[in-house]
Amino acid sequence: MAGYIIKRIAVAILTLLVIMCITFLLMNAVPGSPFLTEKSTPEQIARANAKYGLDKPLYVQLFNYIKNYLKGDLGTSLKMQEGTAVSKIIFHQGKFRLSIKLGVYALLLAIIIGIPLGCIAAYNRGKWIDGFLRVLTTVGVAIPTFVLATLLLVSFAVKLKWLPTLSSSLTSFKSYIMPVVALSFYYTCYIAKLTRTSMLDAINQDYIRTARAKGVKTRSLILKHALRNSLIPVITYLGPVLAGIITGSFVIESTFSIPGLGRYYIQSVLTRDYPVIMATTVVLSALVIFMNLVVDIAYKIVDPRITLTGKED
Amino acid sequence: MDAKFAKISPFQVDPDKIPPLTDEDFAPAAENEKEAMVEKHKSVSYWRDAWRRFRANTVSMVALGIFILCLLFAFVGPLLIPYGYGDQYRASQKLAPMEFSKGEEKIASITGNCDAFFATALRPGSITALSKGDYYINYKGTTYAFTLTKALEKSVIVLDLDAEDPLVIVKESDIKDGTWKKSTPIEFTDTPAEEAAEIKLVTRVFPHVFGTDSAGRDLMARTMYGTRVSIIIGIVAALIVLIIGSIYGAVSGLAGGAVDFVMMRIVELIYSIPEVLIVLLLQVVLKDPLQAWFDSGTSAFAKAMGDLGSGIVSIFITFALLFWVTMARIVRGQVLMLKQQEYVTAATALGANNGRIIRRHLLPNCVGQLVITTCLQIPSAIFLESFLSFLGLGVSAPMASLGSLCSDAIETLSIYPYRLIFPGIILTIVVLTLNLVGDGLRDALDPRLKR
Amino acid sequence: MDEKKTLLEIKDLKVSFFTPAGEVKAVNGISYSLGYNEVMGIVGESGSGKSVEAYSIIGLLQPPGKVVGGSIEFEGENVLEYDDEQMRQFRGNKVSMIFQNPMTCLNPVYTIGNQLTEALLCHDKGYTKEQARARAIEMLELVGINNAEKRIDQYPHEFSGGMRQRAMIAMALICEPKLLIADEPTTALDVTIQAQILELMKDLQKKENTSIIFITHNLGVVAEICDRVSVMYAGHIIEQGPVNDIFYDPQHPYTKGLLASTPRLDEEGRERLIPIEGTPIDLLNPPKGCNFGPRCKDCMKICLREKPPFVEVGEGHISACWLHFKDQAGKEEKK
């Protein structure tokens, strides 16, 4: 187990290094300098480049990035908040916390609502509630997050005025409702669909027949025997869910004007603020990679057949 | 007959009711008679069987029908409506759905003393003292709209469709008892010659079904066009993924050993990269170089790509770089499975090379899986494109995709929500029907579910 | 062996599967009775309806399968009339079942002990968890699992195939049922393990006084363990009788064919196995006459027209074939 985790962390660090290299190459593939504006003179640009080390050869710059990251130094912002340490922007201005909160709530909501819905549908297979849930979830995974988010915004905030329009600070419970619902809706539906399918799959397994032959109660058949087995594919899907929620948060944060990491990432890309791009990419990637590791360990808890060893499968 | 009958079977026959049996009854039966007892099942080909099962799936068939309607909407629809996706109608900005355009066609202008207009026998409209603005005249069931760009005093609009110029302005003082003298020239004494008044009139041929945007563009035409762009992006991206993924997967699976190991580690690496971060970066990075390539490019390919715009091309590049990994895994899995099959071993033993094995044996056998995965890739590509366009990175005006239309609608959302709702609904329908068709294909093509 | 008292009485049982292609009559009117402490073998090819018949006894039939006629009386009560809760209390308690594939029949995510005690606990027999655990260990020891104290906390994947089947048997017998239905319990196992499991079942049958319905396609297994044998073909019982009669004096051409296609150690002279030609009939469109007719080498004109009735060919030995009438007709003519 410990060996497995160590191996996984090593792979994760390697992946992050590769991501850093790719990001760096992409950032520098654009000709010109981030300081190039209509007003700036060549001297100003050269001075700014020199100040932030952008005049050095590329491999030196990349090496510096990696060296500094290993020391925990994420660099300083070039443009958006010029001169401020990126780590301070991300972690101390509430951006990271805001995004994480949003993401975690959405993830929890998707799990807490999605799995029971899937169970209910599978349990009532063929009845009207199953039909209703199937239609709901099938349509749910076809509605783009941004359409849902904006429709929620218009109906509940602008027209009905039940919920605050600007969720920017996310101070009150009410301000969380729309962003979290919009962000998690797709995944709630997807998890419900997935749970239903794998539940029905599990119900057809031989061990369910054995349990029935023992005289186990129907409720216990579903909740004990079928559920735990059917959770295995759902857990596999949780890694992609987190990646997807981060993707979705880009849209949600810009729709609800939440000053989170996703929105900040897009701004940094558009303004070519290199250190910020690099830092946000690495932080978000690390989050996703970490989540994948957590998922693999959760696997072990649910399915005793899986032995986590350092060996290749 | 004194055999003891056990009272056990439902086919238990009362001894008395057994028909009198003759020797003939105990004569051996002929082979063909035996065979005639068993009804033979016709064996059906894989594709015919799959199609039969797909047809039996009502949900998928309905979804396919709706998707075909979407295709018609996107590809045939623009031919049927009189508006283009980029045409701006200056007087028709911000129209609500089903409203008609105003003043698109100038049919008469009055400059200075317009004594050239005469009216024949027609009832005049009841309008006097025309101020600037929009007017409608109903004549024989058809509504004619016109716009006056300058006020006209003491005049009357007369409509005469038989005349060469159907619209005539008559001074009120010339009208007596509802008619006026045919040859009375109109004098606009109070209209200086240099200040021209324009009268525009257009027949209401077609409403703006989805309304118009702030630039006066017909939203239905734009939605049709956007649907077309989105569907094309989805299909092309899925094909790119199909080609790259299946080649990579097939090569990896067939090569095996160290090559397979390295290739699969690369897949794993790409798989663990949160692709959207890279995608966003790629969109920005590729914009300028692509534009430069389009501008300098003389080849037909560069020109064709230039027509698509850098946003769409970079979406394709993104798919080609990052999104093929799932397909590669599936194809590799299929190849590994099929590699074990005897006919492949037989083909290898007969000296067929790898290329031939791929073409003749492996691809035809995993084609079902490929069709399903490709079909389900289309909606996810459409999703990604709309996501990028929504963030302002994908398709840019005057081109439109469903995502960019939604994005355009955001600013005025509280006033004109339908601008988001129409493309949003179409986007949802396209993705929904494609998902359902994909599910139906999976049920129809997956041999594991075959009875 | 007390065969006078009847434990289970099946009368004219009919089970159909309602598929989109039509009604498949998987079991088309079978009847038999089973005494206390009796072991009945049900033999037939796959698709002959033997498992379906067993499932309907224990109420495990799933849609689209449905009992469409007949009765199943267990100790005088028709189990087909039980409601869901009565059926649940009946299952596992009075009748239990073991299945073909021990690799997939145990839930992979729960320990053996958990699954064993569950059978006890869900029947409200007044066991506490500790008592149930002690009983489970006792059962595991009974079925020959060494180190049961430790093994009970292991997961199914830590057991070998033979051990899993032993655990399955322990689980089936933990409530001391009166009837055990064994659906091909040895088919998925290695030959040496097969023999061990059979030996175990024979032992336990004597120790626990349980009746067994033993479903298999393997005649060798039947000879080993059963008192009586029913041979099924295409939803019908075509021959039934004491195990020795069936083995040494088979009457129905299908039973004869089945025996000829099974390797035997007691017949020295036979050199090769003779397979039964052809495939079983399509139960969607059963033929008008004898179901075995199309494959029977002695098929006669009458077999094409009429289904044969049962004839008692010996003490407790019945067979349904027109050939018996041919003999009869011949004898009469000679006289």
Out of B:243, B:247, B:235, B:231, sole residue that is at pLDDT 85 or above, in contact with a Cys (Cβ under 9 Å, 6 or more places away or on another chain), farther than 30 Å from residue A:294 by Cα and of a type in the set (A, V, I, L, M): B:231
Residue A:288 vs. criteria farther than 24 Å from residue B:287 by Cα and within 16 Å of the chain's Cα centre (by Cα): yes
Matching residues in region B:410-428 - criterion: being of a type outside the set (Phe, Trp, Tyr) and either crowded, with 18+ Cβ neighbours inside 10 Å or under 23 Å from residue B:381 (Cα atoms) (or both): B:410, B:413, B:417, B:419, B:420, B:421, B:423, B:424, B:425, B:426, B:427, B:428
Selected residue (only one of A:282, A:294, A:302 is within 17 Å of the chain's Cα centre (by Cα) and closer than 30 Å to residue A:229 by Cβ): A:294
When residues of region C:158-177 are limited to those that are in contact with an Asp or Glu (Cβ under 8 Å, 6 or more places away or on another chain) and within 23 Å of residue C:134 (Cβ to Cβ), the one surrounded by the most Cβ atoms within 10 Å (Cβ to Cβ): C:173
In region A:100-128, the residues that are of a type in the set (Lys, Arg) and touching a residue at least 24 places away in the same chain (Cβ under 8 Å): A:101, A:125
Tally of residues being facing chain A (nearest Cβ under 9 Å) and either touching a residue at least 60 places away in the same chain (Cβ under 8 Å) or among the polar types (S, T, N, Q) (or both) across region C:115-136: 1
Selection status of residue B:374, modelled with pLDDT of 85 or more and either more than 11 Å from chain A (Cβ to nearest Cβ) or under 28 Å from residue B:67 (Cβ atoms) (or both): yes
Filtered residues of region A:142-159 (kept if crowded, with 20+ Cβ neighbours inside 10 Å and among the β-branched types (Val, Ile, Thr)): A:143, A:145, A:147, A:150
Number of the exception - residue A:116 against (1) touching a Ser or Thr at 6+ places or on another chain (Cβ under 9 Å); (2) modelled with pLDDT of 85 or more; (3) buried (at least 17 other Cβ atoms within 10 Å of the Cβ): (3)
Count of region B:385-404 residues which are out of contact with any Phe, Trp or Tyr (no Cβ under 8 Å at 6 or more places or on another chain) and either modelled with pLDDT of 80 or more or in a helix (DSSP H, G or I) (or both): 5
Members of region C:108-117 found to be buried (at least 20 other Cβ atoms within 10 Å of the Cβ) and among the polar types (S, T, N, Q), listed by number: C:115, C:117
Selection count, region C:299-322, where residues are surrounded by fewer than 20 Cβ atoms within 10 Å (Cβ to Cβ), closer than 23 Å to residue C:229 by Cα and more than 7 Å from chain B (Cβ to nearest Cβ): 3
Test: residue A:150 is within 14 Å of chain B (Cβ to nearest Cβ) and either part of a loop (DSSP other than H, G, I, E, B) or at pLDDT below 85 (or both): yes
Filter pass, residue C:238 being closer than 29 Å to residue C:19 by Cβ, facing chain B (nearest Cβ under 10 Å), surrounded by 23 or more Cβ atoms within 10 Å (Cβ to Cβ) and modelled with pLDDT of 80 or more: yes
Failed item, numbered, when residue A:122 is tested on (1) surrounded by fewer than 23 Cβ atoms within 10 Å (Cβ to Cβ); (2) in contact with a Lys or Arg (Cβ under 6 Å, 6 or more places away or on another chain); (3) not aromatic (Phe, Trp, Tyr): (1)
Helices (runs of 4 or more DSSP H) wholly inside region C:1-107 containing at least 3 residues that are crowded, with 19+ Cβ neighbours inside 10 Å and within 14 Å of chain A (Cβ to nearest Cβ): C:50-58
Residue in region C:136-151 that is surrounded by the fewest Cβ atoms within 10 Å (Cβ to Cβ), counting only those that are within 29 Å of the chain's Cα centre (by Cα) and among the acidic types (Asp, Glu): C:138
Residue satisfying condition, being more than 11 Å from chain C (Cβ to nearest Cβ), closer than 17 Å to residue A:117 by Cβ and modelled with pLDDT under 85, within set A:170, A:223: A:223
Search result, residues across region A:206-226 that are within 38 Å of the chain's Cα centre (by Cα) and surrounded by fewer than 23 Cβ atoms within 10 Å (Cβ to Cβ): A:206, A:207, A:208, A:218, A:219, A:220, A:221, A:222, A:223, A:224
Check on residue C:41, touching a Leu at 6+ places or on another chain (Cβ under 9 Å), modelled with pLDDT under 85 and of a type outside the set (Asp, Glu): no
Among (1) surrounded by 18 or more Cβ atoms within 10 Å (Cβ to Cβ); (2) touching a residue at least 12 places away in the same chain (Cβ under 8 Å), the one test that residue B:235 misses: (1)
Residue under evaluation residue A:270, criteria (1) more than 13 Å from chain C (Cβ to nearest Cβ); (2) in contact (Cβ under 8 Å) with a residue 12 or more places away in the chain; (3) assigned to a helix (DSSP H, G or I), criterion not met: (2)
Selected residue (criterion: nearest to residue B:321 (Cα to Cα)) from residues of region B:250-293 that are modelled with pLDDT under 85, part of a helix (DSSP H, G or I) and small (Gly, Ala, Ser): B:272
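The values are calculated or read from the model by the stated rules, or taken from the named source; none is laboratory data. Computed from a predicted structure; not experimentally measured. Note that we place each Cβ from the backbone using ideal geometry, even for glycine, and neighbour counts take in every protein chain shown.
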